[in-house]
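K.L.:
Submitted below is the structure of interest, expressed as structure tokens.
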Amino acid sequence: MTGILYHGQPNGPSFTVLAAAFEKGVDLDLRAIDLVAGERHSTALPHAIEVDQSIEGEGPVLVVDGVAMTDSVFVACYLDEVGSGPAIRPADPYARWQMMAWCRYVIERVAPAAAALGNAAAPPPAVPAGIASADLAARWTEAVEGKVEESRLTDSRTKIVQAVEKIEAQLADGRDWLMGDFSIADLETHGWLAGMRAIVPDAFAAAPLTDAWEARLRARPAVVKALGLATIPEPEAIWAPGPEINRWG
Amino acid sequence: MTDVTLYHWEPNANSGKPMLALFEKGVAFDSHYLDLLNFDQHRPDYLAVNPLGTIPAMTHGDKVLTESTAIMEYVDEAFDGPRLMPADPVDQWRTRWWMKFLDQWLAPSFSMIGWSVFVGPSVRQKDPAELEAAIDRIPMPERRVAWRKAIHGAFSAEEMTESQRRVALGIGYLEQALGQREWLASDEYGLADINGFNLAYAMPLSQPQLCNDELTPNIMRWLRAIYARPATRACWALGRTDLARRISLLESEPA
């Protein structure tokens, strides 16, 4: 099996997919692109509906046999199916439901908040040409012009505080990983939260279990390898527009 | 005799997803109907099952599950019966991609329109003090905001225009995908179709200018094929309101 993975700096969804590929030992042709410069929208990449309308925003694109796959958690599920490394999803159906429900929470509540805060802290320089999705283009304009409402940023900080509280509670029984065994949930959660330590430091002020979990995660060889692909000192400080904040409850 | 209980509203949107998945798998379950318009989902006996007060929820023995799309994946894996997640890993990815796109991009736009024309007007005539108290009991702040907007008809013109824009685009994407393959995510009927049907079954009625035999023949073919399935008939028979009865429009012949 081989494929082409177009990815950004190892942060957010690009981190999840890179680390998942290394965990599973999937051999991919890695092609770094500049997500902040909008290279995902260039003609060098495929533009199926699933690329252009991915609601993850500026995430990685995995192309296998002409099919372009997006949305990091689901690409990681794919890599889990095809890779030879140890499983990164639980085998038991209920444990698997727990993992998917956890990831849904991260995707729906944490990622939009992290992306809003990250882009506000490090706005992209310009709106790239060729964005097919009007709502993604609008998020780019908001990010470039620094126009996100303060109330949304305040709510986003609350979401980050709540996410760390949720992690602390999850780890309270002494487990090493969020779902018990190591899983995609650990990668996706860390991918979105890594950059929040600098932006919402209060959230991490009294979170010893989260600190220890993150240290364990960042010591994993696959994670070290993913982070080693960074071409800048702090990949977690690099942001491009991500998922939108829910329009509807 | 079953150890499965499903707490649901109408066979429609989120409630209908696990309902139809259970019927397709042939899993017997106790149906626990919650009247969304009577705020049953925010009463203490249900909050004891799902403290977030969202519908649906499912119990299997002592396990409690929420999040309709994740419940469907569980139903498929935990019970015998026909496989609803495709076997091919790329098809699995496509199934999940479409379910997320529908759940988080297209469905919220349909919801905004549906709540402004159906849910809001359906509860608006209740006593205002009683309504306020009912809203105060909703656990999630996001849901409180949505309910207030629906009841007071407070969706902005801008929000409604954006929702209608997404509905039109989304119908186009569905038509395009269903023009490429028989079912939404693979060559076999599966979870993406169950999810999509719950969102789309009434589109020919609610969006007749966008979804019809002439403009979207593939969507119409797909809706009629799902409507013809015995599981779909059995599932929609659990509906109690005109909402679920809209499905009968799929009895029409292709134009």
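K.L.:
From the alpha carbon gyration tensor of the stretch B:137-225, can you work out the equivalent ellipsoid semi-axes (sqrt of 5 times each eigenvalue) and give them in Å, largest to smallest?
P.N.:
Equivalent-ellipsoid dimensions as semi-axes: 30, 17, 11 Å.
K.L.:
May I pose another question? Looking at the stretch A:138-196, which trypsin sites (Lys or Arg not before Pro) are DSSP coil and have at most 15 other C-beta atoms within 10 Å of their C-beta?
P.N.:
A:LYS147, A:ARG175
K.L.:
Based on DSSP H runs of at least 4 residues, each adding -39500 (n - 2.57), what is the mean residue ellipticity at 222 nm of chain A after dividing by all its residues, to the nearest 500 deg cm²/dmol?
P.N.:
-14500 deg cm²/dmol
K.L.:
Restricting to DSSP H runs of at least four residues, report the calculated mean residue ellipticity at 222 nm for chain B, -39500 (n - 2.57) per run over all residues, nearest 500 deg cm²/dmol.
P.N.:
The helix contribution divided over chain B gives -15000 deg cm²/dmol.
K.L.:
Separate question: Given +1 on the Cβ of Lys and Arg, -1 on the Cβ of Asp and Glu, and no further charges, what dipole in debye does chain B carry about its Cα centre, rounded to the nearest 20?
P.N.:
Roughly 420 debye, rounded to the nearest 20.
K.L.:
May I pose another question? Cα gyration tensor of the stretch B:9-131, axes a ≥ b ≥ c as square roots of the eigenvalues: rounded (a/c below 1.5), prolate (a/b > b/c) or oblate?
P.N.:
Note, shape of the stretch B:9-131 comes out oblate.
K.L.:
Which one, B:GLN180, B:ALA192, B:PHE155, is farthest towards the positive end of the dipole of the stretch B:89-229 when Lys and Arg carry +1 and Asp and Glu -1 on their Cβ?
P.N.:
It is B:PHE155, whose Cα lies furthest towards the positive end.
K.L.:
Would you mind computing, in nm to one decimal, how far apart the modelled labels at A:ALA198 and B:ASN212 are, each placed 7 Å from Cα along Cα→Cβ?
P.N.:
Between A:ALA198 and B:ASN212, the simple spin-label model gives 5.6 nm.
K.L.:
Once phi is turned into ³J(HN,Hα) by the Karplus curve 6.51 cos²θ - 1.76 cosθ + 1.60 with θ = phi - 60°, what whole-Hz value does each residue of the stretch A:177-182 show in order, with x for glycine and proline?
P.N.:
10, 4, 9, x, 7, 4
K.L.:
Excluding residues on the same chain fewer than 8 positions from B:LYS100, give the lysines whose Cα lies under 20 Å from its Cα.
P.N.:
B:LYS17
K.L.:
Using the number of other C-beta atoms within 10 angstrom as an exposure proxy, rank A:THR189, B:THR66, B:THR2 with the fewest first.
P.N.:
If I rank by nearby Cβ atoms, fewest first, I get B:THR2, B:THR66, A:THR189.
K.L.:
Please compute the alpha carbon radius of gyration of the protein assembly as shown, then divide it by the globular-protein estimate 2.2 N^0.38 Å. Two decimals is fine.
P.N.:
0.94
K.L.:
By its C-alpha gyration tensor, with a ≥ b ≥ c as the square roots of the eigenvalues, how is chain A shaped: rounded for a/c under 1.5, else prolate for a/b larger than b/c, else oblate?
P.N.:
oblate
K.L.:
How many nm is it between the label spots at A:LYS225 and A:ALA122, if each spot is 7 Å from the Cα in line with the beta carbon?
P.N.:
Once both label points are built, they end up 2.4 nm from each other.
K.L.:
With labels modelled as points extended 7 Å from the Cα through the Cβ direction, what inter-label distance (nm, one decimal) is found for B:MET160 paired with B:LYS126?
P.N.:
According to this spin-label approximation, the distance is 2.3 nm.
K.L.:
Further question: Taking the beta-carbon count within 10 Å as an exposure proxy, list B:HIS8, B:HIS152 from fewest neighbours to most.
P.N.:
Sorted ascending by nearby Cβ count, the order is B:HIS152, B:HIS8.
K.L.:
So for B:ASP45, B:ASP193, fewest C-beta neighbours within 10 Å to most, what's the order?
P.N.:
B:ASP45, B:ASP193
K.L.:
Would you kindly derive the ³J(HN,Hα) couplings of the stretch B:198-213 from the backbone phi angles with the Karplus curve 6.51 cos²θ - 1.76 cosθ + 1.60 (θ = phi - 60°), listing them in order in whole Hz, with x for Gly and Pro?
P.N.:
Coupling constants for the stretch B:198-213: 4, 7, 9, 4, 9, 4, x, 8, 7, 10, x, 6, 10, 10, 7, 4 Hz.
K.L.:
Let me ask you something else. Rounded to the nearest 0.05, what FRET efficiency is calculated for A:ARG175 and B:ASP30 with R0 set to 35 Å and r the Cβ-Cβ distance?
P.N.:
Using R0 = 35 Å, I get an efficiency of 0.60.
K.L.:
So which GluC sites (Glu not before Pro) in the stretch A:91-195 are both in a DSSP loop and have at most 11 other Cβ atoms within 10 Å of their Cβ?
P.N.:
A:GLU149
K.L.:
OK, next. Could you name the lysines whose alpha carbon sits less than 17 Å from that of B:LYS149, not counting residues in the same chain fewer than 8 places away?
P.N.:
B:LYS126
K.L.:
Right, another one. Stokes-Einstein diffusion coefficient for chain B at 4 °C in a medium of 1.567 mPa s, Rh from the Kirkwood formula over Cα pairs: what value in µm²/s?
P.N.:
After rounding, the answer is 69 µm²/s.
No value in this document is a laboratory result; all are computed from the given coordinates. As the structure is a computational prediction, the values presented were derived from the model and not from experiment. Every residue, glycine as well, gets a Cβ built from its backbone with ideal geometry; the counts of neighbours run over all protein chains shown.
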